[in-house]
Amino acid sequence: MFSFENKIVVVTGGARGIGKCIREQFEAAGARVCVIDLLANDSFVGDLACKETLERFAAHVIAEHGHVDYLINNAAPRSRGITEGSYEDFEYALRVGVTAPFYLAKLFAPHFAEGASIVNISSSRDRMSQPETESYTAAKGGIAALTHALAVSLAGRVRVNSISPGWIDNDGVAYRGADAVQQPVGRVGTPLDIANMVLYLCSDMAGFMTGENICIDGGMTRQMIYHGDHGWQLSLFKTE
């Protein structure tokens, strides 16, 4: 559907899961992709929480390619809760999930090509939570807000949008039963569900979109759930 021949794409957290799928889809469409990840990859290994690493990575990309067409901030922050999570855990999550996307946008700002686009990967956790997920949820809420701030600041130069995935299976598991049926679309999401939207947002088809967030969660955040309604049951367990 898309052609990104010779476009330069930066993908953070691109060594596995959603990020890897995004990389593969861009490459299949003709793009040249630069990845930064803590995991081994053939582009750049480094910690996004480190300012100097971000600077070295940006310099490496520009030295090699001269410009950037698309920046995909996908790397996931660590999830730690209020009970066991430390100050350092929370701070690290924000550095990976919010500070790094901001700083990469700043570093690449003079080098974005005409028609450039930034896509930030948030999460449906930016609007709903499970217990003990404070660091991850705060980081995802932060990048969702950062999206519209950057869209305004970079208006006329770079379009900036975000995607909020719901439950995305990165391991190829065929979920059946309640795990699938609870989702209004009847299945768990796949990395390709997210990658397809990333490519769309970077394409000319989305040329009138900026500052927008798109939630891709199978409809889960639109579903009202009450005990005893349509077969839903809440089980309460007391601990001594």
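The values are calculated or read from the model by the stated rules, or taken from the named source; none is laboratory data. What you are looking at is a predicted structure, and each value in this text was computed from that prediction instead of being measured. As a convention, Cβ positions derive from the backbone with ideal geometry for all residues, glycine included, and neighbour counts pool all protein chains shown.
The set of residues in the range 214-238 that are more than 28 Å from ILE18 (Cα to Cα) and of a type in the set (D, E, K, R) comprises ASP229, LYS238.
Looking across the range 9-24, the residues that are part of a helix (DSSP H, G or I) and on the phi < 0 side of the Ramachandran plot come down to ILE18, GLY19, LYS20, CYS21, ILE22, ARG23, GLU24. So, in the range 1-27, how many residues would count as being touching a residue at least 60 places away in the same chain (Cβ under 8 Å), surrounded by fewer than 21 Cβ atoms within 10 Å (Cβ to Cβ), more than 21 Å from HIS67 (Cα to Cα) and of a type outside the set (D, E, K, R)? So the answer is 2.
Among the residues of the range 172-197, the ones that are part of a loop (DSSP other than H, G, I, E, B), of a type in the set (Val, Ile, Thr) and surrounded by 15 or more Cβ atoms within 10 Å (Cβ to Cβ) come to 2 in all.
Identify, from the list ALA75, ALA93, the residue that is assigned to a helix (DSSP H, G or I), touching a residue at least 40 places away in the same chain (Cβ under 8 Å) and crowded, with 19+ Cβ neighbours inside 10 Å. Quick ask: steps written out before the conclusion?
Details: ALA75 fails: assigned to a helix (DSSP H, G or I).
After ruling out the rest, the residue left standing is ALA93.
Picking from residues in the range 25-40 that are part of a helix (DSSP H, G or I) and touching a strand residue (DSSP E or B) at 6+ places or on another chain (Cβ under 9 Å), the one that is nearest to MET197 (Cα to Cα) is PHE26. The residues in the range 146-171 that are more than 27 Å from VAL188 (Cβ to Cβ) and either under 12 Å from the mean Cα position of the chain (by Cα) or exposed (fewer than 15 other Cβ atoms within 10 Å of the Cβ) (or both) can be counted, and the count is 6.
Might you let me know whether the range 112-130 holds any residue that is among the aliphatic types (A, V, I, L, M), in a helix (DSSP H, G or I) and in contact (Cβ under 8 Å) with a residue 24 or more places away in the chain? The answer is no, given that none of the residues of the range 112-130 is among the aliphatic types (A, V, I, L, M), in a helix (DSSP H, G or I) and in contact (Cβ under 8 Å) with a residue 24 or more places away in the chain.
Checking each residue in the range 112-146 for being hydroxyl-bearing (Ser, Thr, Tyr) and touching an Asp or Glu at 6+ places or on another chain (Cβ under 8 Å) picks out SER117, SER124, SER135, THR137.
Among the conditions (1) out of contact with any strand residue (DSSP E or B) (no Cβ under 9 Å at 6 or more places or on another chain); (2) modelled with pLDDT under 95, the only one that GLN183 does not satisfy is (1).
In the range 41-59, the residue that is surrounded by the fewest Cβ atoms within 10 Å (Cβ to Cβ) out of those that are among the aliphatic types (A, V, I, L, M) and assigned to a loop (DSSP other than H, G, I, E, B) is ALA49.
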